[in-house]
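**Student:** Structure incoming, see below.
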Amino acid sequence: MKARFGFYCIGLLALSLGVSLIIKGELGAAPWDALAVGESNLFHLSIGTCIFMNGCILICINALLLKESIQWLAALSIFIIGMMVDYWISMGLTFLEPAGFPQQLILVITGILLLGIGISIYLQAKLPSSPMDTFMVAIHRRIGLNLRNSRLLNEAIAITLAMMFHGAVGIGTVIVACTLGFIIHIFYPIMERMYGKWS
(Lines give C-alpha, C1' and ligand atoms only; values in the text may rest on other atoms or scores of the structure.)
Protein backbone atom coordinates (compact mmCIF):
# COMPACT_ATOMS: atom_id res chain seq x y z
CA MET A 1 0.00 0.00 0.00
CA LYS A 2 2.91 2.35 0.77
CA ALA A 3 4.40 1.75 -2.68
CA ARG A 4 1.02 2.33 -4.29
CA PHE A 5 0.45 5.64 -2.50
CA GLY A 6 4.07 6.67 -3.07
CA PHE A 7 3.87 6.05 -6.81
CA TYR A 8 0.61 7.97 -6.96
CA CYS A 9 1.98 11.03 -5.14
CA ILE A 10 5.33 11.08 -6.92
CA GLY A 11 3.63 10.66 -10.27
CA LEU A 12 1.20 13.53 -9.70
CA LEU A 13 4.02 15.74 -8.42
CA ALA A 14 6.16 15.08 -11.51
CA LEU A 15 3.18 15.42 -13.82
CA SER A 16 2.07 18.79 -12.43
CA LEU A 17 5.63 20.12 -12.46
CA GLY A 18 5.99 19.04 -16.08
CA VAL A 19 2.74 20.77 -17.04
CA SER A 20 3.86 23.95 -15.29
CA LEU A 21 7.33 23.99 -16.87
CA ILE A 22 5.80 23.67 -20.33
CA ILE A 23 3.43 26.57 -19.61
CA LYS A 24 6.33 28.65 -18.24
CA GLY A 25 8.25 27.99 -21.45
CA GLU A 26 5.67 30.14 -23.27
CA LEU A 27 6.04 28.24 -26.53
CA GLY A 28 2.59 26.71 -26.24
CA ALA A 29 1.23 24.45 -23.53
CA ALA A 30 0.42 20.75 -23.69
CA PRO A 31 -2.85 20.36 -25.64
CA TRP A 32 -5.30 19.95 -22.73
CA ASP A 33 -3.41 22.58 -20.75
CA ALA A 34 -3.45 24.93 -23.74
CA LEU A 35 -7.23 24.67 -23.60
CA ALA A 36 -7.17 25.45 -19.86
CA VAL A 37 -4.94 28.50 -20.47
CA GLY A 38 -7.39 29.79 -23.09
CA GLU A 39 -10.34 29.25 -20.77
CA SER A 40 -8.41 30.91 -17.93
CA ASN A 41 -7.92 34.06 -20.00
CA LEU A 42 -11.49 33.99 -21.28
CA PHE A 43 -13.31 33.33 -18.00
CA HIS A 44 -10.76 34.95 -15.61
CA LEU A 45 -10.25 31.76 -13.63
CA SER A 46 -7.00 30.11 -12.56
CA ILE A 47 -5.46 27.58 -14.92
CA GLY A 48 -5.83 24.88 -12.27
CA THR A 49 -9.55 25.59 -11.91
CA CYS A 50 -10.02 25.24 -15.68
CA ILE A 51 -8.04 21.98 -15.66
CA PHE A 52 -10.41 20.68 -12.97
CA MET A 53 -13.53 21.78 -14.88
CA ASN A 54 -12.35 20.13 -18.10
CA GLY A 55 -11.51 16.99 -16.16
CA CYS A 56 -15.04 16.73 -14.76
CA ILE A 57 -16.47 16.95 -18.28
CA LEU A 58 -14.07 14.24 -19.48
CA ILE A 59 -15.06 11.99 -16.58
CA CYS A 60 -18.56 11.85 -18.08
CA ILE A 61 -17.24 11.27 -21.61
CA ASN A 62 -14.94 8.48 -20.41
CA ALA A 63 -17.86 6.74 -18.71
CA LEU A 64 -19.71 6.70 -22.05
CA LEU A 65 -16.70 5.42 -24.01
CA LEU A 66 -15.88 2.70 -21.50
CA LYS A 67 -19.56 1.88 -20.87
CA GLU A 68 -18.97 2.17 -17.15
CA SER A 69 -20.54 4.16 -14.36
CA ILE A 70 -19.20 7.67 -13.83
CA GLN A 71 -15.96 7.48 -11.82
CA TRP A 72 -16.36 10.56 -9.68
CA LEU A 73 -13.35 9.56 -7.59
CA ALA A 74 -11.28 10.45 -10.68
CA ALA A 75 -12.10 14.07 -9.86
CA LEU A 76 -9.68 13.69 -6.94
CA SER A 77 -6.69 13.27 -9.27
CA ILE A 78 -7.58 16.20 -11.47
CA PHE A 79 -8.33 18.36 -8.43
CA ILE A 80 -4.88 17.61 -7.00
CA ILE A 81 -3.23 18.25 -10.37
CA GLY A 82 -5.09 21.56 -10.75
CA MET A 83 -4.02 22.70 -7.26
CA MET A 84 -0.40 21.70 -7.89
CA VAL A 85 -0.28 23.48 -11.24
CA ASP A 86 -1.65 26.65 -9.64
CA TYR A 87 1.00 26.34 -6.90
CA TRP A 88 3.92 25.83 -9.32
CA ILE A 89 2.85 28.68 -11.59
CA SER A 90 1.92 31.22 -8.90
CA MET A 91 4.61 30.39 -6.32
CA GLY A 92 6.96 27.46 -6.94
CA LEU A 93 8.34 28.51 -10.32
CA THR A 94 8.09 32.30 -10.16
CA PHE A 95 11.89 32.51 -10.35
CA LEU A 96 11.85 30.96 -13.83
CA GLU A 97 11.75 33.63 -16.51
CA PRO A 98 13.27 32.19 -19.71
CA ALA A 99 15.33 34.65 -21.69
CA GLY A 100 15.21 33.67 -25.34
CA PHE A 101 14.19 30.65 -27.37
CA PRO A 102 16.92 28.20 -26.19
CA GLN A 103 15.87 28.56 -22.54
CA GLN A 104 12.20 28.30 -23.48
CA LEU A 105 12.90 25.11 -25.41
CA ILE A 106 14.82 23.63 -22.47
CA LEU A 107 11.84 24.27 -20.19
CA VAL A 108 9.46 22.65 -22.66
CA ILE A 109 11.64 19.55 -23.21
CA THR A 110 12.22 19.13 -19.47
CA GLY A 111 8.50 19.55 -18.88
CA ILE A 112 7.60 16.92 -21.47
CA LEU A 113 9.97 14.39 -19.91
CA LEU A 114 8.59 15.02 -16.42
CA LEU A 115 5.01 14.90 -17.70
CA GLY A 116 5.50 11.58 -19.51
CA ILE A 117 7.39 10.01 -16.63
CA GLY A 118 4.84 11.32 -14.11
CA ILE A 119 1.95 9.81 -16.06
CA SER A 120 3.82 6.50 -16.36
CA ILE A 121 4.48 6.45 -12.61
CA TYR A 122 1.11 7.37 -11.17
CA LEU A 123 -0.88 5.11 -13.47
CA GLN A 124 0.85 2.12 -11.81
CA ALA A 125 -0.93 2.80 -8.53
CA LYS A 126 -4.26 1.93 -10.15
CA LEU A 127 -5.85 4.74 -8.16
CA PRO A 128 -8.19 7.23 -9.84
CA SER A 129 -6.40 8.55 -12.93
CA SER A 130 -6.53 11.99 -14.45
CA PRO A 131 -9.57 12.07 -16.78
CA MET A 132 -7.26 13.29 -19.58
CA ASP A 133 -5.17 10.14 -19.23
CA THR A 134 -8.22 7.93 -18.79
CA PHE A 135 -9.46 9.40 -22.07
CA MET A 136 -6.29 8.06 -23.72
CA VAL A 137 -6.94 4.63 -22.19
CA ALA A 138 -10.63 4.79 -23.23
CA ILE A 139 -9.59 5.46 -26.83
CA HIS A 140 -7.05 2.63 -26.56
CA ARG A 141 -9.69 0.13 -25.41
CA ARG A 142 -12.62 1.39 -27.47
CA ILE A 143 -10.85 1.84 -30.83
CA GLY A 144 -7.99 -0.61 -30.37
CA LEU A 145 -5.12 1.81 -30.99
CA ASN A 146 -1.86 1.36 -29.08
CA LEU A 147 -1.08 3.81 -26.27
CA ARG A 148 1.11 6.01 -28.45
CA ASN A 149 -1.52 6.48 -31.18
CA SER A 150 -4.29 6.78 -28.62
CA ARG A 151 -2.36 9.64 -27.04
CA LEU A 152 -1.91 11.31 -30.44
CA LEU A 153 -5.67 11.23 -31.09
CA ASN A 154 -6.28 12.48 -27.56
CA GLU A 155 -3.94 15.42 -28.17
CA ALA A 156 -5.43 16.22 -31.58
CA ILE A 157 -8.88 16.60 -30.04
CA ALA A 158 -7.48 18.83 -27.29
CA ILE A 159 -5.54 21.04 -29.74
CA THR A 160 -8.69 21.58 -31.79
CA LEU A 161 -10.60 22.69 -28.69
CA ALA A 162 -7.68 24.86 -27.52
CA MET A 163 -7.61 26.70 -30.84
CA MET A 164 -11.36 27.32 -30.56
CA PHE A 165 -10.80 28.93 -27.14
CA HIS A 166 -7.70 30.87 -28.27
CA GLY A 167 -5.53 28.81 -25.94
CA ALA A 168 -1.76 28.65 -25.62
CA VAL A 169 -1.17 26.75 -28.85
CA GLY A 170 2.30 27.02 -30.35
CA ILE A 171 5.33 25.04 -31.39
CA GLY A 172 5.58 23.66 -27.85
CA THR A 173 2.07 22.23 -28.19
CA VAL A 174 3.07 20.40 -31.36
CA ILE A 175 6.23 19.06 -29.73
CA VAL A 176 4.22 17.76 -26.76
CA ALA A 177 1.57 16.19 -28.99
CA CYS A 178 4.16 14.42 -31.12
CA THR A 179 6.46 13.19 -28.35
CA LEU A 180 4.47 12.62 -25.15
CA GLY A 181 2.84 9.40 -26.31
CA PHE A 182 6.26 8.06 -27.30
CA ILE A 183 7.69 8.90 -23.86
CA ILE A 184 4.78 7.16 -22.12
CA HIS A 185 5.19 4.19 -24.46
CA ILE A 186 8.83 3.88 -23.32
CA PHE A 187 8.52 4.60 -19.60
CA TYR A 188 5.21 2.89 -18.77
CA PRO A 189 6.61 -0.69 -18.93
CA ILE A 190 9.74 0.43 -17.04
CA MET A 191 7.65 1.90 -14.22
CA GLU A 192 5.40 -1.17 -14.32
CA ARG A 193 8.40 -3.40 -13.60
CA MET A 194 9.62 -1.07 -10.85
CA TYR A 195 6.20 -1.05 -9.23
CA GLY A 196 6.09 -4.85 -9.40
CA LYS A 197 9.37 -5.05 -7.48
CA TRP A 198 8.40 -2.54 -4.80
CA SER A 199 4.77 -3.47 -4.24
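**Student:** Among Ile61, Ile78, Ile22, which is in a helix (DSSP H, G or I) and open to solvent by 30 Å² or more (accessible area, probe 1.4 Å)? Give the derivation first.
**Tutor:** Numbers: Ile78 fails: open to solvent by 30 Å² or more (accessible area, probe 1.4 Å); Ile22 fails: open to solvent by 30 Å² or more (accessible area, probe 1.4 Å).
So the residue among Ile61, Ile78, Ile22 that is in a helix (DSSP H, G or I) and open to solvent by 30 Å² or more (accessible area, probe 1.4 Å) is Ile61.
**Student:** Among the residues of the range 40-50, what is the count of those that are open to solvent by 20 Å² or more (accessible area, probe 1.4 Å) and touching a residue at least 12 places away in the same chain (Cβ under 8 Å)?
**Tutor:** 5
**Student:** Any idea which residue in the range 142-168 is nearest to the chain's Cα centre (by Cα), counting only those that are polar (S, T, N, Q) and open to solvent by less than 70 Å² (accessible area, probe 1.4 Å)?
**Tutor:** Looking only at the range 142-168, we keep the residues that are polar (S, T, N, Q), and these are 146, 149-150, 154, 160.
Of the ones still in play, those that are also open to solvent by less than 70 Å² (accessible area, probe 1.4 Å) are 146, 149-150, 154.
Working: Asn146: 18, Asn149: 16, Ser150: 14, Asn154: 11 Å.
The residue in question is Asn154.
**Student:** Also, quick follow-up: I'm checking my understanding of the structure. Among residues of the range 64-75 that are under 18 Å from the mean Cα position of the chain (by Cα) and part of a helix (DSSP H, G or I), which one is surrounded by the fewest Cβ atoms within 10 Å (Cβ to Cβ)?
**Tutor:** Ala75
**Student:** Let me ask something else about it. Suppose we filter the range 81-128 for residues that are assigned to a helix (DSSP H, G or I) and open to solvent by less than 70 Å² (accessible area, probe 1.4 Å); how many remain? Let's see the steps before the verdict.
**Tutor:** Keep residues of the range 81-128 that are assigned to a helix (DSSP H, G or I), which gives 81-92, 101-125.
From the residues that got through so far, the ones that are open to solvent by less than 70 Å² (accessible area, probe 1.4 Å) too are 81-82, 84-86, 88-89, 92, 104-105, 107-108, 110-112, 114-125.
So the answer is 27.
**Student:** Considering Ile175, Ile171, which residue is in contact (Cβ under 8 Å) with a residue 40 or more places away in the chain, open to solvent by 60 Å² or more (accessible area, probe 1.4 Å) and not charged (D, E, K, R)? Reasoning before the result, please.
**Tutor:** Values: Ile175 fails: open to solvent by 60 Å² or more (accessible area, probe 1.4 Å).
The unique qualifying residue is Ile171.
The values are calculated or read from the model by the stated rules, or taken from the named source; none is laboratory data. Everything numeric in this text was worked out from a predicted model, so none of it was measured. Every residue, glycine among them, receives a Cβ derived from its backbone with ideal geometry; neighbour counts consider all protein chains shown. Ligands, DNA and RNA are stripped out before the accessible areas are found, and what is left, the full protein with its side chains, is counted by its heavy atoms. Shrake-Rupley method; radii C 1.70, N 1.55, O 1.52, S 1.80 Å.
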